[in-house]
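K.L.:
Let me begin by handing over the structure; questions about it come next.
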Amino acid sequence: MMKLKSIRCILNQLFCKGKSMPLKILVVIEKNSWVDLHIANSLELMGHSVTRFYFGEYISEFYGVKRHAEQKEKNIALVSTIKTLRDHDGLDLIFCYVYDDFLLPKYAKELSNLNIPMVNYNVDMPSQWYRQIRTAQYFNLMLCAQPDYMENLARYSKKVFYFPMAAQTLFAKNSEALEKKMYEVTFLGTALPSRRLLIAALSDTTTPLSIFGKYWNSSESARNIIRSKEKTLSDIVHYAYPRLCAEGLNKVFQSLLNRFYSNDKENIPVAIPASIIKGKFLNNVSVLFKESKINLGLTRYAIDDPNQIGHCQMKLRDFEVPMAGGFYLCEKSPGYDQEFTDGKEVVMWRTYPELVEKIHYYLRHEDERETIARAGHRRALQDHTWEVRFNKLFLELGLSTN
């Protein structure tokens, strides 16, 4: 077996000399996820060989005592799949998007002993940074989409690596300026409570809005909190002390209260004119970004009141809108001013009055708006594609693709 693999390796090196060498990569992800499209598909478009292992319906799915046997079986299946891939045709990288909710430390350790480079991605660092600390030590790199709490995650891992989200280059198609825009000011996204309040406030002004996404024409809140007592107890046992050290007593106590008591403010009806709610956008969303004079970015994850400065984090949309050539007016998140230049490639806002002022300013100044959109598009193409992200990751891991 080893002799045949050595011969195959030599032949591949001779055949591919001077060409890009595809890597063999396993991605461990949730089903029906944006990660499949952005991570797995992007790697395939780069020419790499990708195998998918779907561990469950969603990343924070809780198994508990009654489902422990199922969780163990899935972990065993993951180890078995990796060993089969390694022995059959080799495996260069294991790219995970998993929490400790699924991956058990025993099997993470077994995977690390296979000596295959292994990374794990966290795209929700501000509020879920701790959900990987039980297995972090077994990964070569912990990838962080936001800079928040990286130093805390580093205490539990071999190394953390800043790996912001990006945009697929397919968003760059048809990015030339349009003669006429179809929409004035648009927002595309789910109707979270903070977004309802801000859109309601904007609708009381002269702002010409078009709102696309889920739950806008419903009183149902999109913020569904799982109040399982078993899950809460598990989180306290595994994460209470690390969170106390990193976040402080007040924040952890408030988080615990939210598990048991609903926030009455979330259930207060918010009046949003039906005329501005457009439902789900059925075409390629990059078309919407390009056909809008202004695309709003609402990135806060805490503090719903629009009259207060929110706690924000970078989103996929922060890279997709500029990639599509759209003008982006985005709520400022930590680290975002390192990715785009404020006022030249995108425009950022922090307070509600600032948002209103900038909306009306850029609606009146078309040439300036389009200049910024074109510059943002060029920056996205240069620095914020998934190919750029992965090539930096491969370099960090010492994985040669040449």
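Quick note: the coordinates plus some simple rules give every number you see, no bench work behind them. Since the structure is predicted, the reported quantities are computational estimates derived from the model, not experimental observations. Using ideal geometry, Cβ is built from the backbone for each residue, glycine included, and neighbour counts are taken over all protein chains shown.
K.L.:
Tell me which chymotrypsin sites (Phe, Trp or Tyr not before Pro) from region 43-92 have a DSSP coil assignment and no more than 14 other beta carbons within 10 Å of their own.
P.N.:
Filter output for region 43-92: TYR58.
K.L.:
Further question: Counting other beta carbons within 10 Å of each Cβ, put MET314, MET125 in order, fewest first.
P.N.:
Ordered from fewest to most neighbouring Cβ atoms within 10 Å, MET314, MET125 come out as MET125, MET314.
K.L.:
Using Cα-Cα distances under 8 Å and only pairs 6 or more residues apart, what relative contact order does region 34-110 have, in percent? Intermediate values should be presented prior to the final figure.
P.N.:
Details: 36 pairs, mean separation 29.3, N = 77.
Reported relative contact order: 38 percent.
K.L.:
Then there is this: How much length would be gained if the chain were fully extended between LYS180 and ASN250, taking 0.36 nm per residue of separation minus their Cα-Cα distance, in nm to one decimal?
P.N.:
20.2 nm
K.L.:
Another question about this same structure. Mind sorting out which of [x] 1.06; [y] 1.49; [z] 0.97 is the real Cα Rg over 2.2 N^0.38 Å computed from the coordinates?
P.N.:
Entry [x].
K.L.:
For region 119-174 and region 353-373, what is the separation of their C-alpha centers, rounded to whole Å?
P.N.:
33 Å
K.L.:
Can you list the aspartates and glutamates whose alpha carbon is less than 17 Å from that of LYS358, not counting same-chain residues fewer than 8 positions off?
P.N.:
Within reach: GLU184, ASP204, GLU331, ASP342, GLU345, GLU366, ASP367, GLU368, GLU370.
K.L.:
What's the exposure ranking of MET21, MET142, going from fewest to most Cβ atoms within 10 Å?
P.N.:
Listed from fewest to most nearby Cβ atoms, that is MET21, MET142.
K.L.:
Hey, another quick one. Using only Cα atoms, find the angle between the long axis of helix 2-15 and the longest principal axis of the chain, and express it within 0 to 90 degrees, rounded to the nearest 10.
P.N.:
50 degrees
K.L.:
Quick check: pseudo-label points 7 Å beyond the Cα along Cα→Cβ at LEU399 and SER33, how many nm apart are they?
P.N.:
1.6 nm
K.L.:
Could you list which residues have their amide H under 5 Å from that of MET348, counting only those 5 or more apart in sequence or on another chain, with H placed in the peptide plane?
P.N.:
Amide H to amide H, under 5 Å and 5 or more residues apart or across chains, MET348 pairs with CYS330, GLY343.
K.L.:
Anything over 29 Å Cα to Cα? Flag those among LYS31/LYS315; LYS251/LYS332; LYS31/LYS106; LYS106/LYS251, in the order listed.
P.N.:
Beyond 29 Å: LYS106/LYS251.
K.L.:
Specify the angular offset, from 0 to 90 degrees and rounded to the nearest 10, of the alpha carbon long axis of helix 193-203 from the longest principal axis of the alpha carbons in the chain.
P.N.:
Rounded to the nearest ten degrees, it is 30.
K.L.:
Sticking with this one: What value, in deg cm²/dmol to 500, does the helix sum -39500 (n - 2.57) over DSSP H runs of n ≥ 4 give at 222 nm once divided by the residues of the chain? Mind showing how you got there, number by number?
P.N.:
Details: 15 runs with 161 residues, N = 402.
The helix contribution divided over the chain gives -12000 deg cm²/dmol.
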